[in-house]
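First the structure, in the form of structure tokens, and then the observations on it.
The values are calculated or read from the model by the stated rules, or taken from the named source; none is laboratory data. Predicted model, so just to flag it, every value in this text is computed and none were measured. Here the Cβ positions follow ideal geometry from the backbone for every residue, glycine too, while neighbour counts run over all protein chains shown.
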């Protein structure tokens, strides 16, 4: 684990981490405030809808044509970041017990999960990422040991962002009816094409009958949404719709999807240090393998919204609501011992952390190459 200690002095010693002490410090911050969730989500969604519409209608803001393209770009960035924030509430829903926030869960799926083709069921596997025996192993679909893999794997991971929106349409619009007639195909789709994960080799466990019922409902709604949009692209419906949607609308939807997926992929690269070798890691190793970004909250809140800039803290207390994480981190940094390993979780910036990941991957690749050359020479 020496590679994750790059924020500390080489000779510095760190004490054991006391989970009970940390919980004592932040014990009053675990109750989610539903008003914050509703206002944040609905405000972000409403502003996102307005900005998305204004991308193709800059004339509604000003008649000066010289400002139209700058406004298009501005509204595109604003709508994409707002929709991105809305989408990441899926992370909160996974950690809130199923018998709580039911109305919010339904509203999120209807306004965001279904239209964005990320119904809440695709993220159920996230819980495995938080299981201590699963984290960083092949049972963790959200982990790839990028620090010990060739650096080109990082670029390959990012390149997938260009095709993920298309694959989502294929999954929900084409595969869904096929799963209704073939159980074998249904099982394959569930295991290989129904999860928000990093590892393309991840195999999702088959669902229980109860979970399958909810999955099938969400699946059907996504299918209907895809084909409703497809119909609006080619047909008009008399008094309801005067003309079909423009092809530019489809391009805007695709570019918005690529933008959201790419920003989330970059955030993910900085969420961990990816030093696992595939074996089980201790709790402290998992904590130090994760990263907090307490600096520049306004900027960091754009690329890591809904509390995700405190990813290491989230791994310590997964059920803590997102709106309490900043205060919890402040308290822990103030009250934990000076030699607490928790202090290793802080990073200066996302750019610096991704650059450090790239250097570790290059160094690992170089070491592997030298090892291979040495073996060949000895032979």
(message) Tell me the residue from 197, 169 that is outside the structural domain of residue 91 (by TED's automatic domain parsing) and farther than 25 Å from residue 98 by Cα, please.
(response) 169
(request) For residue 62, work out the one condition from (1) exposed (fewer than 13 other Cβ atoms within 10 Å of the Cβ); (2) modelled with pLDDT of 95 or more it doesn't fulfil. (result) (2)
(request) Report whether or not residue 294 is outside any helix (DSSP H, G or I), at pLDDT below 95 and touching a helix residue (DSSP H, G or I) at 6+ places or on another chain (Cβ under 7 Å). (result) no
(request) Scan region 232-241 and give yes if some residue there is surrounded by 14 or more Cβ atoms within 10 Å (Cβ to Cβ), on the phi < 0 side of the Ramachandran plot and modelled with pLDDT under 95, otherwise no. (result) yes
(message) Whether any residue in region 166-181 is free of Cβ contacts under 8 Å to residues at least 12 places away in the same chain, in contact with a helix residue (DSSP H, G or I) (Cβ under 9 Å, 6 or more places away or on another chain), more than 26 Å from residue 267 (Cβ to Cβ) and not in a helix (DSSP H, G or I) is what I want to check.
(response) yes
(request) Considering every residue within region 252-262, establish whether at least one is surrounded by 14 or more Cβ atoms within 10 Å (Cβ to Cβ), in contact with a helix residue (DSSP H, G or I) (Cβ under 9 Å, 6 or more places away or on another chain) and at pLDDT below 90. (result) no
(request) Scan region 193-223 residue by residue and report those that are outside any loop (DSSP other than H, G, I, E, B), surrounded by 14 or more Cβ atoms within 10 Å (Cβ to Cβ) and without any contact (Cβ under 8 Å) to a residue 60 or more places away in the chain. (result) 212, 216, 220, 223
(request) Output the residues belonging to region 117-139 that are under 30 Å from residue 226 (Cα atoms) and in contact (Cβ under 8 Å) with a residue 60 or more places away in the chain. (result) 117, 118, 119, 120, 121, 122, 123, 124, 125, 126
(request) Quickly run through region 276-301 and pick out the residues that are surrounded by 17 or more Cβ atoms within 10 Å (Cβ to Cβ), in contact (Cβ under 8 Å) with a residue 24 or more places away in the chain and under 20 Å from the mean Cα position of the chain (by Cα). (result) 276, 286, 287, 288, 289, 290, 291, 292, 293, 294, 300
(request) Name every residue in region 117-143 that is assigned to a loop (DSSP other than H, G, I, E, B), closer than 16 Å to residue 288 by Cα and within 13 Å of the chain's Cα centre (by Cα), in order of residue number. (result) 143
(request) Scan 16, 22 and give me the residue that is surrounded by 14 or more Cβ atoms within 10 Å (Cβ to Cβ), in contact with a helix residue (DSSP H, G or I) (Cβ under 8 Å, 6 or more places away or on another chain), farther than 21 Å from residue 305 by Cβ and outside the structural domain of residue 86 (by TED's automatic domain parsing). (result) 22
(message) So, in region 317-344, exactly how many residues are within 19 Å of residue 97 (Cβ to Cβ), in contact (Cβ under 8 Å) with a residue 24 or more places away in the chain and not in a loop (DSSP other than H, G, I, E, B)?
(response) 3
(message) Of everything in region 91-116, what is within 17 Å of the chain's Cα centre (by Cα), in contact (Cβ under 8 Å) with a residue 60 or more places away in the chain and in a helix (DSSP H, G or I)? Give them in sequence order.
(response) 91, 92, 95, 108, 109, 112, 113
(request) Return the total of residues in region 1-39 being modelled with pLDDT under 90, more than 14 Å from residue 342 (Cβ to Cβ) and in a helix (DSSP H, G or I). (result) 2
